[in-house]
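What follows is a set of notes on a single structure, which appears directly below.
The values are calculated or read from the model by the stated rules, or taken from the named source; none is laboratory data. This is a predicted model, so every value here is computed, not measured. Virtual Cβ from ideal backbone geometry, glycine too; neighbours counted across all protein chains shown. Calculation scope for accessible area: heavy atoms of the full protein, side chains included, ligands and nucleic acids excluded. Shrake-Rupley method; radii C 1.70, N 1.55, O 1.52, S 1.80 Å.
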Amino acid sequence: MAYRINPALAAELENYGAANASECFNCGNCSAVCSLTEGETVFPRKFIRYMQLGLTDKLIQSPDPWLCYYCGECSDTCPREAEPGELMMSARRWLTGKYDVTGLARIFYTSSVGSAIILVVLAVILGLVVISSSGSMGLEEIALWSYLDSHAVHNLGLGVIGLVVLFGLVGVINMVAQIGKAARFAPRSGGGGSDWFSAIFSTAFTEILGHRRYITCDEEKDEPWHQQRWFVHGSTAWGFFGLLIATMAHWILDMVGLKETATWVPMYSLPIRMLGIVAGIFLVYGSTTLLMKRINKGPDKQAATSAPSDWVFLLLLWIAGITGFLTLIGEYAPPMAITYYLLLIHVVLSMELVLLAPFTKFAHVFYRSVAIYIHQQRGATKG
Amino acid sequence: MGELKNRYDVLVIGGGIAGMQASLDLGEQGYKVLLVEKDPSIGGIMVGLNKVFPTLDCSSCICTPRMAETAHHRNITIQSYTEIEKVEKKGRGFSVKLLEKPRYVVLEDCIGCSLCEYECPVDVPHEYDYDLGARRAIYIPHANAIPQVAVLDVEHCTFCGKCVKVCPTDCIDYTQEARHLDLEVGAVVVASGTTITPMGAKKEYGGDKLANVMNPLAMERVQSSNGPYGHILRPSDGKVPKSIAYVQCAGSRDKTLGISYCSRVCCMYALKQAILTKAYGDVDITIYHMDIRAFGKGFEQFYRRAMNDGINIVKAKVAKITEDEEKNPIVRIEMIDDDGRVEEVKHDLVILSQGLVPKWHPDGQLPAEEDTDGFFRIPDSKIHPTVSTTDGIFIAGVAAGPKDIPDAIIEAGSAAMEAAIYLESGKGAPVAV
Amino acid sequence: MAEKETSPIKVLRDRHGGMSDKLKAYFKDQNQIRKKMKDSLKGGAKTVPEIARDTGLESPDVMWHVMAMKRYGDVLEAGRSGDYYKYELKGDS
Ligand SMILES: Cc1cc2nc3c(=O)[nH]c(=O)nc-3n(C[C@H](O)[C@H](O)[C@H](O)COP(=O)(O)OP(=O)(O)OC[C@H]3O[C@@H](n4cnc5c(N)ncnc54)[C@H](O)[C@@H]3O)c2cc1C
Ligand code: SF4
Ligand code: SF4
């Protein structure tokens with residue numbers, strides 16, 4: 001197979017991260033020190049070589065960059081201090097930009113001004129849509145859903161989800177099509193690949209929920225467990241999934257006519273609310289810690305450099321989590337107008353968070369899941 | 001070897017091959033030289049090496065005659081077991097403060113018979129064999145030592161008094177004390193040489209805790225016929241190793257260690273040790289490298305010879321070394337030139353090809369600047385490769401940067417010539433005291 | 001010279017405050033290890049791992065002490081068994 005050389009690849013990637021591939025002298029220390037290499041699925045050296053040689057196709061046709069979790073051991077021990085971990089991170093940012101057809105992902109990764117403008121404009125639009133159907137802020141008693149129209153919010157939510165599914169799918173299809181060019185889907189003979197069902201199962205439970213790779217990554221670290229990356233990232237992910245389920249539950253109950261959104265039916269409401277609170281605590285703990293690590297640029301290596309996209313994603317997540325909690329407190333506290341505004345912010349930014357998912361750091365949830373699935377299915381054979 | 005006086009034309013710091021050569025070259029021209037060595041014997045690293053690349057000549061057979069020549073030269077005075085306390089500019093010369101450590105043995109009377117050593121009851125890990133062999137609390141530094149005089153290591157002395165009873169010349173003097181010496185010199189040649197990167201520098205390589213991960217200088221001793229074992233054995237259990245690995249650039253070309261330079265000799269000494277070990281036994285030897293640097297005359301041929309001898313040369317930077325229950329070291333590598341898979345390979349013995357780092361950081365004891373790499377700074381390295389940042393101080397050998405023996409000798413000659421010109425021009429002279 | 005009131009070795013000892021605790025422990029250790037090893041070797045020539053197994057000592061320590069004893073003439077090399085050399089006590093030491 002012939003490959004086209006793109007001499008600008010390394011320079012292009014430099015826009016996406018803080019490392020320079022030309023520092024690397026190809027010694028292989030990074031791949032050998034990496035705790036996530038499995039069989040012949042080996043990185044990062046090979047990918048840094050692709051960057052140096054301008055092998056765009058090789059880079060884009062592999063799911064392996066997504067199997068790297070930036071444990072950082074490679075960067076800690078690289079004799080050239082070429083920051084191989086950061087180079088892999090840059091590759092993932094660049095890939096997110098490549099899979100996305102709208103160009104938004106590229107803006108979020110490379111331009112802070114652009115990111116800020118999109119963020120504000122979108123928030124204003126979503127805010128106007130939500131407010132256009134809003135009612136009154138009763139101050140004798142907090143009645144959140146007589147201020148916002150739950151149906152309007154649900155409908156807007158539906159629209160947002162529709163768009164996310166659309167753009168998410170386009171991104172994933174692009175990714176899969178690229179990887180497909182290297183034709184590596186069929187499990188290799190003797191490669192230890194799994195059938196599709198067990199591949200999905202282990203992707204969803206062991207990898208995504210169980211954070212297996214993160215835990216492998218952290219084995220060498222001596223931070224307390226609650227500061228380790230698997231737990232912090234896990235908290236954020238579990239919290240987010242929990243809240244997603246809680247929110248969807250209200251909406252589904254409403255659709256099937258069991259319970260209207262603004263009403264309290266203990267049999268359904270109590271478990272949903274409990275889930276919401278627990279998940280909220282995890283989300284706020286996780287996202288706060290992640291933000292703090294990025295603000296302090298450490299101790300984790302991967303927190304040292306942040307693209308606008310990382311901030312957009314984390315800030316939206318954090319504000320959505322915090323305002324959710326404050327609104328809940330407001331419901332039980334003496335009635336205050338601010339509670340309604342908090343709800344407004346919560347609804348608008350949650351919508352924005354979800355709507356921007358295919359274009360921000362959030363997108364790793366899709367791409368990494370797909371990559372892990374492909375990896376599981378084809379086994380840890382040569383990439 | 002003359003009596004210690006208080007004026008010399010040149011002070012040479014360090015009695016390795018470079019310091020000896022500089023002393024001889026100056027002494028032959030009629031300059032009075034004081035050679036100060038901090039160890040009990042002169043000879044530096046070279047006297048402990050087994051053979052030298054690329055000729056495979058016996059190292060001590062070349063080095064010992066030079067040591068003897070230096071010691072017997074009418075214009076050279078050796079001040080061994082002596083530290084530099086302070087060298088300062090004074091008038092046209094330098095004032096020098098030295099600290100002679102007590103040997104507890106009268107240098108002039110000891111005949112080097114070793115009777116005291118055989119009598120002493122305490123066995124101590126021997127520095128000369130990089131702790132693999134033993135010496136006693138009172139000992140002759142090593143078979144080729146000059147001066148061939150015993151020294152008492154008081155830290156390990158049990159104060160039993162046995163040695164004094166057997167000494168045939170009554171030269172053991174427990175009452176000796178450290179001696180401060182003040183003198184004046186006209187110029188200084190620094191040849192303080194080198195030591196290897198600390199074995200624990202890279203924690204991924206076991207942090208100096210793995211029994212069968214060995215120091216390359218220790219391997220030189222193990223290979224020597226007068227070495228600690230008498231055979232090539234591994235330190236954990238005396239097994240004759242059947243599989244040996246060399247880890248190149250273990251302590252060089254690695255920014256995370258703060259040593260980004262190439263140490264120049266480690267590729268060659270690894271090839272040398274591999275060829276020699278292979279010649280004596282049925283053994284597999286692998287050299288893991290980033291690239292083999294065979295830069296000097298006859299070196300490329302030497303490298304080819306090693307390959308023809310069946311030594312495996314594998315391109316891979318060893319990332320980690322661990323060990324199994326039998327203390328067999330396991331190296332983790334990416335097979336770059338193969339299909340790029342990551343492998344863990346078990347060996348009986350691993351040698352870390354450590355780099356060369358400066359042995360002496362003067363830290364205010366000598367008015368010459370260090371460079372960012374820690375070696376002495378040579379401001380005009382193209383035209384005057386041995387002239388330091390201070391008038392009258394010249395640098396020779398590895399003190400100026402990594403190099404092999406022939407290069408160290410050439411530099412020593414150059415430093416001696418620079419010093420002679422400096423003195424002849426009248427710029428430098430010892431001030432009378 | 002040994003007839004003087006304070007013998008020179010006492011001068012040395014007093015100046016250094018006698019044997020340090022560390023050295024005392026080291027010396028005691030050495031004597032115990034040597035005794036165990038000699039007892040073991042009385043049963044015939046052995047390799048380093050065999051001595052280690054027999055005495056319960058760590059094999060790197062046994063290796064060091066065997067080499068020290070060999071250097072100062074307490075043990076001799078006595079042929080080879082597989083990949084290991086064997087060592088035996090010399091004469092009546
Ligand atoms: C494992 C190994 C194998 C090698 N094999 C070879 C080979 O085969 N062929 C080859 O050409 N080269 C070889 N080399 C390189 C060679 O050893 C050096 O090039 C050479 O020994 C350098 O000599 P030197 O005099 O500059 O330094 P050194 O030999 O280090 O001598 C310096 C002397 O100065 C003394 N000193 C230091 N500081 C002070 C102070 N402050 N006051 C007083 N004295 C001081 C030291 O005690 C020492 O005696 C090898 C090196 C290593 C590590
Ligand atoms: S990134 Fe660093 S460790 Fe990896 S191959 Fe390049 S130089 Fe070696
Ligand atoms: S001589 Fe060889 S082993 Fe030593 S630093 Fe240079 S390249 Fe590495």
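Close contacts from region A:69-86, counting a first residue that is under 15 Å from A:Gln302 (Cβ atoms) and a second that is within 16 Å of ligand 3 (Cβ to nearest atom) and polar (S, T, N, Q), with Cβ to Cβ under 9 Å and a gap of 6+ residues or different chains, come to A:Cys74/A:Asn29; A:Asp76/B:Thr256; A:Cys78/A:Asn29; A:Cys78/B:Thr256; A:Pro84/A:Asn29. Summed over region A:343-355, residues that are more than 11 Å from A:Leu317 (Cα to Cα) and open to solvent by 30 Å² or more (accessible area, probe 1.4 Å) total 1. Examine region B:105-113 for a residue that is in contact (Cβ under 8 Å) with a residue 12 or more places away in the chain and in contact with a Phe, Trp or Tyr (Cβ under 8 Å, 6 or more places away or on another chain), and state whether such a residue exists. No: region B:105-113 contains no residue that is in contact (Cβ under 8 Å) with a residue 12 or more places away in the chain and in contact with a Phe, Trp or Tyr (Cβ under 8 Å, 6 or more places away or on another chain). Evaluated against (1) in a helix (DSSP H, G or I); (2) away from chain B (no Cβ under 12 Å); (3) out of contact with any Asp or Glu (no Cβ under 8 Å at 6 or more places or on another chain), C:Gly91 falls short on exactly one condition, (1).
Taking the conditions (1) modelled with pLDDT of 95 or more; (2) over 21 Å from A:Gly17 (Cα atoms) in turn, A:Arg92 satisfies each one other than (2). Within region A:6-40, how many residues turn out to be surrounded by 22 or more Cβ atoms within 10 Å (Cβ to Cβ), more than 8 Å from chain B (Cβ to nearest Cβ), out of contact with any Phe, Trp or Tyr (no Cβ under 9 Å at 6 or more places or on another chain) and of a type outside the set (A, V, I, L, M)? Matching residues across region A:6-40 total 1.
Restricting to region B:342-364, count the residues that are crowded, with 16+ Cβ neighbours inside 10 Å and either within 16 Å of ligand 3 (Cβ to nearest atom) or within 30 Å of B:Lys86 (Cβ to Cβ) (or both). Going through region B:342-364 one residue at a time, the tally reaches 12.
Any residue at all in region C:43-53 that is part of a helix (DSSP H, G or I), at negative phi and away from every other protein chain (no Cβ under 11 Å)? No: zero hits.
Candidates in region A:255-312 are the residues that are closer than 26 Å to A:Ala91 by Cβ and in contact with a His (Cβ under 9 Å, 6 or more places away or on another chain); of these, the one that is least open to solvent (accessible area, probe 1.4 Å) is A:Gly286. Among the residues of region A:207-225, those that are open to solvent by 60 Å² or more (accessible area, probe 1.4 Å) and either farther than 17 Å from A:Gly280 by Cα or modelled with pLDDT of 90 or more (or both) comprise A:Arg212, A:Ile215, A:Glu219, A:Glu220, A:Asp222, A:Pro224, A:Trp225. Identification of strands (runs of 3 or more DSSP E) wholly contained in region B:215-317 with 1 or more residues that are within 10 Å of ligand 3 (Cβ to nearest atom), β-branched (Val, Ile, Thr) and surrounded by 16 or more Cβ atoms within 10 Å (Cβ to Cβ) yields B:243-247, B:284-289.
For B:Asp338, state whether it is more than 16 Å from ligand 3 (Cβ to nearest atom), more than 22 Å from B:Arg253 (Cβ to Cβ) and within 14 Å of another protein chain (Cβ to nearest Cβ). Judged against the criteria, B:Asp338 is a match.
For the structure I just gave you, tell me whether A:Ile48 is open to solvent by less than 10 Å² (accessible area, probe 1.4 Å), at pLDDT 90 or above and not aromatic (Phe, Trp, Tyr). Yes. Of all residues in region A:141-178, those satisfying the criterion of being closer than 17 Å to A:Leu343 by Cα and either assigned to a loop (DSSP other than H, G, I, E, B) or aromatic (Phe, Trp, Tyr) (or both) are A:Glu141, A:Ile142, A:Ala143, A:Trp145, A:Tyr147, A:Leu148, A:Asp149. In this structure, is C:Lys70 closer than 24 Å to B:Asp129 by Cβ, within 13 Å of chain B (Cβ to nearest Cβ) and in a helix (DSSP H, G or I)? Considered against the rule, which asks whether it is closer than 24 Å to B:Asp129 by Cβ, within 13 Å of chain B (Cβ to nearest Cβ) and in a helix (DSSP H, G or I), C:Lys70 comes out as yes.
To keep it simple, each residue is scored yes or no on (1) within 16 Å of ligand 3 (Cβ to nearest atom); (2) open to solvent by 40 Å² or more (accessible area, probe 1.4 Å).
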residue: B:Ile13; (1), (2): no, no
residue: B:Glu28; (1), (2): no, yes
residue: B:Val36; (1), (2): no, no
residue: B:Val47; (1), (2): no, no
residue: B:Asn50; (1), (2): no, no
residue: B:Phe53; (1), (2): yes, no
residue: B:Cys63; (1), (2): no, no
residue: B:Ala68; (1), (2): no, no
residue: B:His73; (1), (2): no, no
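List pairs: first in region C:49-60 and touching a residue at least 12 places away in the same chain (Cβ under 8 Å) and under 16 Å from B:Lys327 (Cβ atoms), second in a helix (DSSP H, G or I) and open to solvent by 70 Å² or more (accessible area, probe 1.4 Å), Cβ under 7 Å, 6+ apart or cross-chain? What qualifies is C:Leu57/C:Lys36.
Suppose we keep only residues that are within 14 Å of another protein chain (Cβ to nearest Cβ) and polar (S, T, N, Q) within region B:236-278. Which one would you say is nearest to the chain's Cα centre (by Cα)? Within region B:236-278, the match that is nearest to the chain's Cα centre (by Cα) is B:Ser263. Taken as a whole, the structure places B:Asp339 among residues that are more than 20 Å from the chain's Cα centre (by Cα) and free of Cβ contacts under 8 Å to residues at least 24 places away in the same chain.
Between B:Cys120, B:Cys157, the distinction of being within 8 Å of chain C (Cβ to nearest Cβ), under 23 Å from C:Ile33 (Cα atoms), touching a residue at least 24 places away in the same chain (Cβ under 8 Å) and in contact with a Phe, Trp or Tyr (Cβ under 9 Å, 6 or more places away or on another chain) belongs to B:Cys157 only.
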